[in-house]
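The values are calculated or read from the model by the stated rules, or taken from the named source; none is laboratory data. Because the structure is predicted, anything quoted here is derived from the model rather than measured. Cβ: placed from backbone, ideal geometry, glycine included. Neighbour counts: every protein chain shown. Side chains are part of the model used for accessible areas, which takes the heavy atoms of the whole protein and leaves out ligands, DNA and RNA. Shrake-Rupley method; radii C 1.70, N 1.55, O 1.52, S 1.80 Å.
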Amino acid sequence: METFERAVDDFGPGQLWVGSLVAVILVAVGAVTAAPQAVWDRFLWQYFWGPVYADAKSASCAEMTASGPQPLYNGCAAAIQEGRLIAEPGYTLVSEIGYMLILVYMLVGVYFLLERLDIAEDPKLYFAFVPFMLLGGALRTVEDATDRAVDAGVSPIVEYPLSSLIISPVIYGTVFLLTLLVLVVCVDLEQRGVVDSYYRTTGAVGGVLVAVTLLYLTVVALTREYATLYPSVLITTVALASALSYGLYWAFETYRPAMNDGTGYIGLLVIWGHAIDGVANVVLADWLDALSVPLTYYPKHPANEFIIAATEALQPAGLSAAIGTSWPFLVVKLAVASLVVSLFNQEFIDDSPRYALLLLIAVTAVGLGPGTRDMLRATFGI
C-alpha cells in the first residue's frame, strides 16, 4: 500500500492510469500470442469482435475457421449444434459485462484528463455533450443503411472494415474519441482567445455533425428504394418519451423536490434519454403495425430479451395481444433512471462536481445513444 501511495505521489494518478492501460494491452497481446485459440478465437473473437464482424458483413452469424472468420448467411443454428465456433451479431452476457468494465475503466481515464485540463466542473458542459450522444445513435443508423445498401446491391457510403467503426459497441469508442478530440481542440481555442466558450463551441460542433448525419439519412430515405421515411415513429417516440420524463420530473419537483435539487434540468435529460430508449424499444417491438410501418425488429440485448420472455410467460395472452410484451422494459428504464438521479444529491455534486458530471454524462449516453439508433432506424425504414 505504501509503495502504491509513493507511486501516486511520484507519477500522479493520470500517468499511472496510462501505464496500466499500456500494461493491459501488453498482457492481452502476450496472451493472444501464447494461446491464440483459447484467448482470441474462443474469447475475444467469439464474444467481442466476432459479433461486430458478422454485423459489418450483414450476416446471420460468423464462423471462425482454420483460414479465418467467414460470414454465414444461413445455417447458423445447425452450425451451433455441430459445435462450430460461431459468433452472432448483438450482445451476450459476457460481452455486456466486459463492455461495462471497459466503460468504467475509460471513465477513470477521462476523469484524469479533465482534471489535467482543469475543466468539467461547470454543469453547462453536460449539455454540450448531448449532441454527441445523439450523434452516436445517428451514426449507428448510417451503418444500418450500409447493410440495406449491400442487400440491395448498391455500393454503401461506408464499407468494411471502415464500417466496423460505427457498429455497436465499437461506435461508443469512436464517438468517445471524437468527443474528446473536439473538446480538447475547443478548450485550446478558448485559451487562445479564438472562441468565447469551449463548451458552447463543443456543443455547436456536435450539433452540426448530428444535422449533417440526419440530412444524409433523410436523402437516403427519400431517394433509395431500400429505405423509406416514417416520421410517425420519430414523432411518437419523442412525444411519449418527453411526456413521461417531464411527468416524472414534475412529480419529483412537486412531491419530492430533494430528488431534483442536485441535478435540476440535467436530471430531466437523464430520464429523457432512458425514456427515449424505453419507448423506442416498445414501439419497435409492439407498435409498428399501429403506426403503419411494415418492418420487424428484434431485441439484441439479453436484458430486453429476458424481460420480453418473462412478460410473455406471466402476462395473459389476451393482454399481450392488446398491449404487447415489451412495456416492462420501459418501466424498468424509467425506474432505474429516476433512481440514479436521486443518488446525485447536492452534497455529492458539491463534493465531486467533475466526477458527478462525468457519471451523469455516461448514464445518459448509455440510454440516449441506443435509443436514438432504434428510433432513427425505424424512422428511416432501415
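Residues being more than 29 Å from Lys57 (Cα to Cα) and among the hydroxyl-bearing types (Ser, Thr, Tyr) are represented in the range 178-197 by at least one member. Checked against (1) open to solvent by less than 20 Å² (accessible area, probe 1.4 Å); (2) within 28 Å of Thr146 (Cα to Cα); (3) not in a loop (DSSP other than H, G, I, E, B), Ile382 meets all criteria but (3).
Sort out which residues of the range 158-175 are part of a loop (DSSP other than H, G, I, E, B) and either closer than 18 Å to Tyr105 by Cα or in contact with a strand residue (DSSP E or B) (Cβ under 9 Å, 6 or more places away or on another chain) (or both), and write them in order of number.
If we filter the range 158-175 for residues that are part of a loop (DSSP other than H, G, I, E, B), which is where we start, we get 158-161, 167-169.
Hit for the range 158-175 is Pro169, nothing else.
For the range 265-293, a residue qualifies if it is without any contact (Cβ under 8 Å) to a residue 24 or more places away in the chain and surrounded by 14 or more Cβ atoms within 10 Å (Cβ to Cβ), and exactly one does: Leu268.
Among residues of the range 118-133 being open to solvent by 50 Å² or more (accessible area, probe 1.4 Å) and in a helix (DSSP H, G or I), the one that is farthest from Val238 (Cα to Cα) is Lys124.
When the range 66-92 is examined, which residues are found to be touching a Leu at 6+ places or on another chain (Cβ under 8 Å) and either open to solvent by 30 Å² or more (accessible area, probe 1.4 Å) or outside any helix (DSSP H, G or I) (or both)? Step through it out loud before you land on a result.
Restricting attention to the range 66-92, the residues satisfying the condition of being touching a Leu at 6+ places or on another chain (Cβ under 8 Å) are 79, 86.
Passing the criteria: only Ile86.
Annotation: of all residues in the range 37-51 being over 15 Å from Gln70 (Cβ atoms) and among the hydrophobic types (A, V, I, L, M, F, W, C), the one that is surrounded by the fewest Cβ atoms within 10 Å (Cβ to Cβ) is Ala38. Is it true that Tyr246 is farther than 25 Å from Glu143 by Cβ, at pLDDT 95 or above and open to solvent by 70 Å² or more (accessible area, probe 1.4 Å)? The answer is yes for Tyr246. The set of residues in the range 144-164 that are open to solvent by 80 Å² or more (accessible area, probe 1.4 Å) and charged (D, E, K, R) comprises Asp151, Glu159. Checked against (1) open to solvent by less than 20 Å² (accessible area, probe 1.4 Å); (2) without any contact (Cβ under 8 Å) to a residue 12 or more places away in the chain, Leu183 passes all but a single condition, namely (2). Close contacts from the range 355-368, counting a first residue that is under 16 Å from Leu343 (Cβ atoms) and a second that is open to solvent by less than 10 Å² (accessible area, probe 1.4 Å) and not in a helix (DSSP H, G or I), with Cβ to Cβ under 6 Å and a gap of 6+ residues or different chains, come to Leu357/Ala120.
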